[in-house]
Amino acid sequence: MKIGIIGAGNIGGNLTRRLTALGHEVSVANSRGPHTLTELAEETGATPVRVEEAARGAEIVVITVPVKAVPDLPAGLLKDAAEGVAVIDTGNYYPRQRDGRIAGIEDEGLTESQWTERQIGHPVIKAFNGTYAQDLLDRPRPAGAPDRMALPVAGDDETAKAKVRALIDDLGFDTVDAGPLADSWRQQPDTPVYGLRGGVDEVTRALAEASPERKPEFRG
């Protein structure tokens, strides 16, 4: 599968490593330009590109940049993507620690990923946002393994969600359908499932235990 990754930090870098190892054709981009990705490209065989080119022909695009950087993504980012492209949003809103106050989230009650969806003009699937980057390398397990981790996946496009869940299974993790994007607050920072290294039952229970009330330290 052709996959574009926008953001080459911890999550983006390790997804690049895993997905290329699985045989996917990966293009990777960051805000600083392809010349800064030479080492990652040599290590993985991924193709370093400009952000504007990352989605070209891609069946899946992963957006893994700070939330505050989403509005800076180029217009028409997905115009050359494959038909039916699934877009994964791994972002988390940290208003006090990094992102500043975002009115759409604070005042309109949008979930983080609903806000991101609005910025890019395309449906997104929320996944990997509460996953430790190192776990992508260290904790894959075969299907049915008793210690296989499960990741929550939220989104409104059922076809895209199924494609993302299949990719996560390929990476060595189970998934739990966390519902529509409007319910993705259940997996935002400081919820029970955030950072949880659990199986399907534990993740399902943690999602059910989440509170929609955003704590003061996670409000702008």
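The values are calculated or read from the model by the stated rules, or taken from the named source; none is laboratory data. Computed from a predicted model, the values in this text were never measured in an experiment. Positions of Cβ are backbone-derived with ideal geometry, glycine not excepted, and every protein chain shown enters the neighbour counts. What goes into the accessible areas is simple: the full protein's heavy atoms, side chains included, and nothing from ligands, DNA or RNA. Shrake-Rupley method; radii C 1.70, N 1.55, O 1.52, S 1.80 Å.
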| task | Give the number of residues within region 2-47 that are part of a strand (DSSP E or B) and under 18 Å from Val87 (Cβ atoms). | result | 10
| message | Out of Glu106, Glu112, I need the residue that is touching a Lys or Arg at 6+ places or on another chain (Cβ under 9 Å), open to solvent by less than 50 Å² (accessible area, probe 1.4 Å) and under 22 Å from Asn10 (Cα atoms). Which one? | response | Glu112
| query | Any residue at all in region 143-157 that is assigned to a helix (DSSP H, G or I), modelled with pLDDT of 95 or more and either more than 19 Å from Val67 (Cβ to Cβ) or open to solvent by less than 70 Å² (accessible area, probe 1.4 Å) (or both)? | reply | no
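Residues that are within 28 Å of Arg219 (Cβ to Cβ) and among the aliphatic types (A, V, I, L, M): list the helices (runs of 4 or more DSSP H) wholly contained in region 71-139 that include at least 2 such residues. Break it down into steps so the answer makes sense when it comes.
Numbers: elements: 103-106, 112-120, 133-138.
Output list reads 103-106.
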| request: Working carefully through the options Asp89, Asp135, find the one that is in contact with a Ser or Thr (Cβ under 7 Å, 6 or more places away or on another chain), open to solvent by less than 10 Å² (accessible area, probe 1.4 Å) and charged (D, E, K, R). | output: Asp89
| task | Note down all Cβ pairs under 7 Å where the first residue falls in region 156-179 and is touching a residue at least 60 places away in the same chain (Cβ under 8 Å), the second is part of a strand (DSSP E or B) and of a type in the set (Gly, Ala, Ser), and they're at least six residues apart or on different chains. | result | Ala160/Ala86; Lys163/Ala86; Val164/Ala86
